[in-house]
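For reference, the structure is listed below as structure tokens.
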Amino acid sequence: MQARGPLMIEHRLIEKMIAILRKTLAKIETGGGVDPLFIDAAVDFIRMYADRTHHGKEEEIMFRDLGRKAMSEADRRLMEDLIAEHVLGRKTTKELVEANARYRRGDAAALAVVAGRLRTLADFYPRHIEKEDRIFFPACRAYMTEEEDRAMLAEFFAFDRMMIHEKYQAVVKALAGN
């Protein structure tokens, strides 16, 4: 398996979550509410899986290694755009958390903000994923030797092994009030 393989597999799960978010958004837009606990679970998925685990591998490993390469200007610009999109995803998710908290406290107007942030995420991720799968990942393969690609894949697996520990260390810290 090439290093991009796990990233593309992760994209398939993110796409499934986006489909669920779209169904929730449709319910909100037809006059229904939303369960704040559902939003909590969706945010946990986005933050821990899509952002920390998936984007973490891209930013902390793939982009780091590619940043050391003599990339074409177009590929380097695309990588910078992808990083900026990751930042947009984080900002949108933070705004979703804030709106969900207001909605949970009874602010009915916050439901429109929740819906807007869900829409942003549901529109953002498919375009972002397509850009990576169809353009960036194939282009990046040219910059890596077979040995470098295998080393990156191994580093991805090591990164994943640490995620469960990072997740639950954060849970314990939050529950302890730190």
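The values are calculated or read from the model by the stated rules, or taken from the named source; none is laboratory data. Only a predicted model underlies this, so the values are computations on that prediction, with no experimental measurement involved. For neighbour counting, all protein chains shown are included, and Cβ atoms are generated from backbone atoms with ideal geometry for every residue, glycine included.
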Inset, instruction - Would you be able to tell me the number of residues in the range 151-168 that are touching a residue at least 24 places away in the same chain (Cβ under 8 Å) and within 14 Å of Asp65 (Cα to Cα)? - result: 4
Inset, instruction - Give the residue, chosen from Glu80, Glu15, Glu60, Glu85, that is closer than 29 Å to Met144 by Cβ, surrounded by fewer than 19 Cβ atoms within 10 Å (Cβ to Cβ) and touching a Pro at 6+ places or on another chain (Cβ under 8 Å). - result: Glu15
Inset, instruction - Report, by residue number, each residue of the range 26-65 that is among the basic types (Lys, Arg) and either more than 21 Å from Ala84 (Cβ to Cβ) or touching a residue at least 12 places away in the same chain (Cβ under 8 Å) (or both). - result: Lys27, Arg47, Arg52, Lys57
Legend entry - Residue in the range 106-120 that is within 15 Å of the chain's Cα centre (by Cα) and under 30 Å from Gln2 (Cα atoms) present: no
Legend entry - Selection from the range 78-114 of residues that are hydroxyl-bearing (Ser, Thr, Tyr) and under 23 Å from Asp51 (Cα atoms): Thr92, Thr93
Legend entry - Yes/no for Tyr168 being out of contact with any strand residue (DSSP E or B) (no Cβ under 6 Å at 6 or more places or on another chain), surrounded by 15 or more Cβ atoms within 10 Å (Cβ to Cβ) and of a type in the set (Ser, Thr, Tyr): no
Inset, instruction - Report yes if some residue within the range 117-136 is small (Gly, Ala, Ser), without any contact (Cβ under 8 Å) to a residue 24 or more places away in the chain, at negative phi and out of contact with any strand residue (DSSP E or B) (no Cβ under 9 Å at 6 or more places or on another chain); otherwise report no. - result: no
Inset, instruction - Identify the residue in the range 23-49 that is surrounded by fewer than 17 Cβ atoms within 10 Å (Cβ to Cβ) and charged (D, E, K, R) and, among all such residues, is nearest to Ala109 (Cα to Cα). - result: Glu29
Legend entry - Those residues of the range 3-34 which are at pLDDT 95 or above and acidic (Asp, Glu), in sequence order: Glu10, Glu15
